[in-house]
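Taking it in order: structure first as structure tokens, then the write-up.
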Amino acid sequence: MLRAFLTIIGLLLIIGTIGAGGVFYVFYEFGRALPDYHQLADYEPPVMTRVHAGDGRLLAEYAIEKRVFVPIGAMPRRVINAFLAAEDKNFYTHPGIDFAGIVRAVVTNVKNLGESRRPVGASTITQQVAKNFLLTNEVSWSRKIKEAILAFRIERAFEKGRILELYLNEIYLGFSSYGVALAALNYFNKSMDELTIAEAAFLAALPKAPNNYNPVTKPAAARARRDWVIGRMQADRFITSEEAELARHEPFEIRHRSETEFVSADYFAEEVRRELAERYGEEELYKGGLSVRTTVDPTLQNIAEKALRDGLISYDRRHGWRGPVTTLPGSQRLDDTADWRRALAQVERPKGFDSWLLAAVLGSDEIAAHIGLDDGAKGTIPLAELTWARVWMEGQKLGPKIKAPGDVLSRGQVVAVEPVILDADGNPYPERTYGLRQQPEINGGLVVMDPHTGRVLAMAGGYSYEQTQFNRVTQARRQPGSAFKPVVYLAALDSGYTPATLILDAPFVIDQGPGLPKWRPANYTRKFYGPSTMRLGIEKSRNLMTVRMAQTIGMEKVAEYAEKLGVVNELPETLAMALGAGETTLMRLTTAYAMFVNGGKRVTPTLIDRIQDRHGATVFRHDRRNCLKCRVSFWTGQEAPVPPDVRPQVTTPASAYQVVSMLQGVVLRGTGKRVRTVGKPLAGKTGTTNQERDTWFIGFTPDLAVGVFAGFDTPRPLGYHETGSSVAAPIFRRFMVAALKDKPAIPFRIPPGIRLVRVDGATGRLARAGDQNVILEAFKPGTEPTGREQVLEGESWSVVTPAAVPTSRTGGLY
């Protein structure tokens with residue numbers, strides 16, 4: 001008996017030793033090349049980056065996996081308990097593997113042999129973390145062994161709370177939801193702490209197979225699985241029987257997440273995205289959970305986009321009709337509503353149509369064209385809405401005048417239309433009256449900036465972001481033409497000249513050397529005006545005066561100021577550059593004008609105020625002023641602190657104001673007169689390049705700098721007499737009328753060191769009794785007119801010098 005007992009004991013010892021050795025071997029063999037689980041200590045799940053407008057509303061979201069990370073301490077106990085009941089009730093007691101659960105699963109699966117039931121699993125939450133973070137989804141015994149080994153190690157290395165936090169934020173729950181927080185929003189439009197027991201139970205039912213319990217396609221299975229989880233919560237004493245009963249009877253309703261309100265500013269948002277990617281890389285942008293506060297003002301942004309679109313359309317209508325969107329095949333068979341609806345349904349809607357409608361032309365008579373819309377309704381386009389649509393001809397010319405609707409539209413054509421309510425005289429049209437529309441070929445950009453900080457408040461980079469993502473504010477490098485001239489005159493003012501300096505407006509010729517034609521810059525009017533003041537030169541945009549001034553102060557000086565103001569880096573020191581032949585962007589030129597009106601302080605344009613990382617720490621701030629007194633805990637009646645002004649001075653406040661004063665004259669008396677109707681203090685400058693290829697208007701109020709560019713993306717003439725005054729300035733005016741509506745008229749601030757003196761506006765001499773054309777001119781002390789001023793004449797060269805030779809392009813005209 002004793003021998004038998006000892007034999008059994010020996011066999012058990014041998015089996016135990018073999019088993020222990022086997023377990024050791026398995027752990028050794030499978031544990032050698034496992035991933036390093038210590039990386040979980042610093043693991044941060046991919047979280048979306050959110051970009052906000054200046055008023056806090058959402059502008060854009062960037063993510064590969066849309067997820068909202070919530071620390072375990074902020075998760076409601078009800079949600080945690082639901083997942084523990086459904087997935088791992090012994091989570092807080094097991095060492096990573098639930099041995100009791102394994103035995104229970106084996107027994108259950110043996111009982112279910114021969115039945116068509118899904119095998120019961122026994123993976124713990126820790127094992128799922130190991131699989132999701134460190135392993136693959138491979139179905140094999142080797143992966144399960146590795147999973148178990150990693151689960152043991154993870155449990156020894158991390159607290160239970162950290163493991164649960166990783167799990168609940170990483171898990172995929174269907175409906176494009178990574179993590180429980182986003183699932184609560186997507187399924188029930190609620191935050192986690194608003195979830196009911198039944199809703200929390202449903203979310204906890206999803207980890208095993210979200211598609212099998214899709215509440216839309218498989219509502220019965222989804223409800224049954226929810227009720228099962230409720231039962232598990234009751235069995236584990238997370239809820240009472242009364243709460244369980246109420247939860248089971250709760251209606252099973254899915255409330256899809258409310259549409260997030262986004263601020264519309266596509267070009268602005270894309271520019272921010274590019275900056276973030278350049279600054280932090282694509283990985284951090286799409287997974288880093290950055291919180292970005294931008295500078296965009298949604299109200300100004302909407303005004304900017306509308307002003308640009310309306311201005312481009314206005315130019316386009318002046319140059320005629322280029323034809324329909326398409327022509328329907330079999331256009332004679334359009335008598336039945338079904339015919340044109342079927343035909344219109346096959347026409348692809350052009351990008352950038354916005355609110356316009358597609359319509360089929362059904363016919364016309366002497367007073368209107370008759371159209372059918374895709375909803376089956378009919379309408380008319382009266383002759384008054386068609387008179388603009390003269391045939392477009394090469395060179396932006398127009399065909400014959402329109403006398404009847406049939407001169408424009410034919411049966412079977414598909415055109416863009418828009419409902420119109422009033423005619424040109426303000427009289428109401430009949431119902432279902434439409435106007436003919438056409439997408440412009442011309443494009444452009446508009447940017448709005450706070451001149452004191454460089455904060456970009458609005459940016460419209462083109463007619464339609466849907467059509468093209470090319471941003472004409474930041475990416476289009478074009479010649480600024482006469483919009484560059486203020487840079488030349490600022491350099492002259494800093495060199496001792498005044499707005500009353502007389503400059504000769506007369507022919508100017510440079511011999512460029514053997515075999516090359518003589519360079520003869522000319523005024524836009526092709527006339528000469530004799531000695532004129534610097535002010536008149538900029539107000540009337542006189543090319544010859546600008547060239548003489550640039551020649552006198554030296555092109556190296558002009559190039560220095562162009563770089564100092566950020567307009568052009570390394571400007572070639574040739575006289576043609578003084579007329580705006582050097583390429584720049586609308587953003588850079590508008591920033592330079594901002595420095596005129598802010599008193600000559602350097603500002604850097606920015607689209608971003610602040611960036612915070614996923615933990616709320618500020619990692620970037622545009623305003624770098626160090627104001628210690630601004631950080632007091634509470635107010636006790638002390639004076640408001642004044643942050644230090646750290647902006648470098650690029651020119652003197654006096655010179656900057658003299659430029660502002662002259663540019664105000666451009667609006668009051670010069671090429672920018674169309675802007676004067678805004679009725680508020682404004683200043684600015686037009687710009688047009690050779691053959692009217694590029695048009696500009698850059699201007700400002702005391703607290704708002706606005707730049708407008710308009711031209712074809714592939715440069716070509718805009719048409720006879722289409723200049724910055726007729727194309728870009730009206731867009732600027734449209735913007736300012738809306739932006740300054742109900743705003744007080746603020747005069748331009750006059751800095752110390754400026755004397756306003758009454759002078760004759762034509763000659764610059766001190767005003768005398770009886771003079772009619774008297775203006776207040778801005779002078780620095782000691783530079784007022786004395787009556788002995790010389791006329792700056794310049795000289796034409798016959799000998800070629802590097803500074804004398806112009807480029808083949810002559811730049812600005814008007």
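The values are calculated or read from the model by the stated rules, or taken from the named source; none is laboratory data. This is a predicted model, so every value here is computed, not measured. Every residue, glycine as well, gets a Cβ built from its backbone with ideal geometry; the counts of neighbours run over all protein chains shown. Areas reflect the complete protein model, heavy atoms only, side chains present, ligands, DNA and RNA absent. Shrake-Rupley method; radii C 1.70, N 1.55, O 1.52, S 1.80 Å.
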Starting from segment 646-665, keep only residues that are under 20 Å from Gly566 (Cβ atoms) and in contact (Cβ under 8 Å) with a residue 60 or more places away in the chain, then list their pairs with residues that are among the charged types (D, E, K, R) and open to solvent by less than 10 Å² (accessible area, probe 1.4 Å) whose Cβ atoms are within a distance under 7 Å, requiring at least 6 positions of separation or different chains. Leu663/Lys685
Within segment 569-591, restricting attention to residues that are outside any helix (DSSP H, G or I) and either among the polar types (S, T, N, Q) or touching a Phe, Trp or Tyr at 6+ places or on another chain (Cβ under 8 Å) (or both), which residue is surrounded by the most Cβ atoms within 10 Å (Cβ to Cβ)? Gly580
Does Pro702 satisfy being in contact (Cβ under 8 Å) with a residue 60 or more places away in the chain, touching a Phe, Trp or Tyr at 6+ places or on another chain (Cβ under 8 Å) and surrounded by fewer than 22 Cβ atoms within 10 Å (Cβ to Cβ)? yes
Within segment 227-265, the count of residues that are touching a strand residue (DSSP E or B) at 6+ places or on another chain (Cβ under 9 Å) and either part of a helix (DSSP H, G or I) or among the charged types (D, E, K, R) (or both) comes to 1
Test of understanding: among Val642, Val603, which residue is open to solvent by 50 Å² or more (accessible area, probe 1.4 Å), outside any strand (DSSP E or B) and among the aliphatic types (A, V, I, L, M)? Val642
Within segment 188-238, residues surrounded by 14 or more Cβ atoms within 10 Å (Cβ to Cβ), of a type in the set (S, T, N, Q) and within 41 Å of the chain's Cα centre (by Cα) come out as Thr196, Asn212, Asn214
Quick test for you: out of Tyr497, Tyr489, Tyr463, pick the one residue that is in contact with a helix residue (DSSP H, G or I) (Cβ under 9 Å, 6 or more places away or on another chain) and open to solvent by 30 Å² or more (accessible area, probe 1.4 Å). Tyr497
Being within 32 Å of the chain's Cα centre (by Cα), part of a loop (DSSP other than H, G, I, E, B) and not charged (D, E, K, R) is the filter here, so list the residues in segment 411-442 that pass it. Val420, Gln438, Gln439, Pro440, Ile442
Restricting to segment 502-551, name every residue that is open to solvent by less than 20 Å² (accessible area, probe 1.4 Å) and among the hydroxyl-bearing types (Ser, Thr, Tyr). Ser532, Thr533, Ser541, Thr546
Scanning segment 771-789 residue by residue, those among the small types (Gly, Ala, Ser) and either open to solvent by 40 Å² or more (accessible area, probe 1.4 Å) or farther than 15 Å from Thr533 by Cβ (or both) turn out to be Gly782, Gly787
Members of segment 373-410 that are farther than 21 Å from Asp423 by Cα, open to solvent by less than 30 Å² (accessible area, probe 1.4 Å) and assigned to a strand (DSSP E or B): Leu373
Every residue from segment 521-535 that is in contact with a strand residue (DSSP E or B) (Cβ under 8 Å, 6 or more places away or on another chain) and in a loop (DSSP other than H, G, I, E, B): Asn523, Tyr524, Phe528, Tyr529
Select from segment 389-419 the residues that are hydrophobic (A, V, I, L, M, F, W, C) and farther than 24 Å from Leu328 by Cβ and list them in ascending order. Met393, Leu398
Just wondering, is there one or more residues in segment 275-296 that are assigned to a helix (DSSP H, G or I), open to solvent by 40 Å² or more (accessible area, probe 1.4 Å), closer than 30 Å to Lys743 by Cα and not aliphatic (A, V, I, L, M)? no
Across segment 777-809, what is the number of residues that are at pLDDT 80 or above, among the acidic types (Asp, Glu) and in contact with a helix residue (DSSP H, G or I) (Cβ under 9 Å, 6 or more places away or on another chain)? 2
The listed residue being in a helix (DSSP H, G or I) and either in contact (Cβ under 8 Å) with a residue 12 or more places away in the chain or of a type outside the set (Ser, Thr, Tyr) (or both), out of Phe732, Phe709, Phe697: Phe732
Residue check: is Leu668 in contact with a His (Cβ under 9 Å, 6 or more places away or on another chain) and among the aliphatic types (A, V, I, L, M)? no
Could you grab me the full set of residues in segment 606-639 that are part of a loop (DSSP other than H, G, I, E, B) and modelled with pLDDT of 90 or more? Leu607, Asp613, Ala617, His622
Would you check which residues across segment 540-568 are among the aliphatic types (A, V, I, L, M) and part of a helix (DSSP H, G or I) and list them? Leu544, Met545, Val547, Met549, Ala550, Ile553, Met555, Val558, Ala559, Ala562
Write out, first by first residue and then by second, each pair whose Cβ atoms fall under 6 Å of each other, whose residues are 6+ apart or on separate chains, and whose first residue, in segment 152-169, is under 17 Å from Pro46 (Cα atoms) while the second is assigned to a helix (DSSP H, G or I) and hydroxyl-bearing (Ser, Thr, Tyr). Ile163/Thr126
Please give the number of the condition Ser177 fails out of (1) at pLDDT 90 or above; (2) open to solvent by less than 10 Å² (accessible area, probe 1.4 Å). (1)
Within the set of pairs 6+ apart or on separate chains, which have a first residue in segment 188-200 that is touching a residue at least 60 places away in the same chain (Cβ under 8 Å) and within 13 Å of Met233 (Cα to Cα), a second that is in a helix (DSSP H, G or I) and open to solvent by less than 10 Å² (accessible area, probe 1.4 Å), and C-beta atoms under 7 Å apart? Ile197/Ile230; Ile197/Ala247; Ala200/Val79; Ala200/Ala82
Does segment 328-341 contain at least one residue that is small (Gly, Ala, Ser) and more than 14 Å from Val415 (Cβ to Cβ)? yes
